[in-house]
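Q: One structure follows; several queries about it will come next.
Values quoted throughout were computed directly from the atomic coordinates according to the rules given, and no laboratory measurement underlies them. Just so you know, these numbers come straight off a predicted model, no measurement behind them. No Cβ is skipped: glycine too gets one built from the backbone with ideal geometry, and neighbour counts run over all protein chains shown.
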Amino acid sequence: RKSANYITLAIFAPILIIAGVAGFLVPASLSLTSGAPAYNVFHLLFGLLGLLLVWAKKERQISLFNAGFGLIDLYQALASYANLPPQQYFLWTRVDDILHVVIGLILFSIGCYGLLRQRVM
């Protein structure tokens, strides 16, 4: 039986990769989100790391990834709002900000749930 963290990352990691590839392929004028090259590379690298963790079936690391990436997403929303680094390289849009808050809260919650559950077992 697969955990909520495993299933979440098994779905989320390919989405990150698709977002990274799409960022390079979709013209900026047709995109609602940032198409900045650094942002696309970020999505590709973290998507690949997520897939490696899923393939390795390392439950604790998967939970840590989800919680950590959730925090990174929340920071990105804050950084966009407050003009903090790497805002000048990632060039977030309001759609990015909304996605970062929603996805960040979900990933952080699922990751923490998994970590707490592993601690109890």
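Q: Scan segment 1-18 for residues that are surrounded by 19 or more Cβ atoms within 10 Å (Cβ to Cβ) and of a type outside the set (V, I, T) and report the count.
A: So in segment 1-18, the residues surrounded by 19 or more Cβ atoms within 10 Å (Cβ to Cβ) come out as 5-6, 8-9, 12-13, 16.
When the remaining residues are screened for being of a type outside the set (V, I, T), the result is 5-6, 9, 12-13, 16.
Within segment 1-18, residues that are surrounded by 19 or more Cβ atoms within 10 Å (Cβ to Cβ) and of a type outside the set (V, I, T) number 6.
Q: Only residues in segment 48-59 that are in contact (Cβ under 8 Å) with a residue 24 or more places away in the chain count as the first member; pair them with residues that are part of a helix (DSSP H, G or I) and β-branched (V, I, T), Cβ under 9 angstrom, at least 6 apart or cross-chain, and list the lot.
A: Note: pairs meeting the criteria are L48/I17; G50/I17; G50/I62; L51/I17; L53/I62; V54/I62.
Q: Of the conditions (1) under 16 Å from I11 (Cβ atoms); (2) in contact (Cβ under 8 Å) with a residue 12 or more places away in the chain; (3) among the β-branched types (V, I, T), V95 satisfies every one except a single condition; which number is it?
A: Single failed check for V95: (1).
Q: In segment 36-48, which residues are surrounded by fewer than 16 Cβ atoms within 10 Å (Cβ to Cβ) and under 15 Å from the mean Cα position of the chain (by Cα)?
A: Of segment 36-48, the ones surrounded by fewer than 16 Cβ atoms within 10 Å (Cβ to Cβ) are 37-38, 41, 45, 48.
Matches in segment 36-48: A38, V41, L45, L48.
Q: Please enumerate the residues belonging to segment 60-92 that are free of Cβ contacts under 8 Å to residues at least 40 places away in the same chain, farther than 21 Å from L9 by Cα and in a helix (DSSP H, G or I).
A: Correct list: L78, A79, S80, Y81, A82, Q87, Q88.
Q: Please work out which residue is surrounded by the most Cβ atoms within 10 Å (Cβ to Cβ), limiting yourself to segment 51-67 and to residues that are of a type in the set (D, E, K, R) and over 16 Å from L107 (Cβ atoms).
A: Quick first cut of segment 51-67, residues of a type in the set (D, E, K, R) only: 57-60.
Still in the running and over 16 Å from L107 (Cβ atoms): 57-58.
Numbers: K57: 11, K58: 14.
Top of the filtered list is K58.
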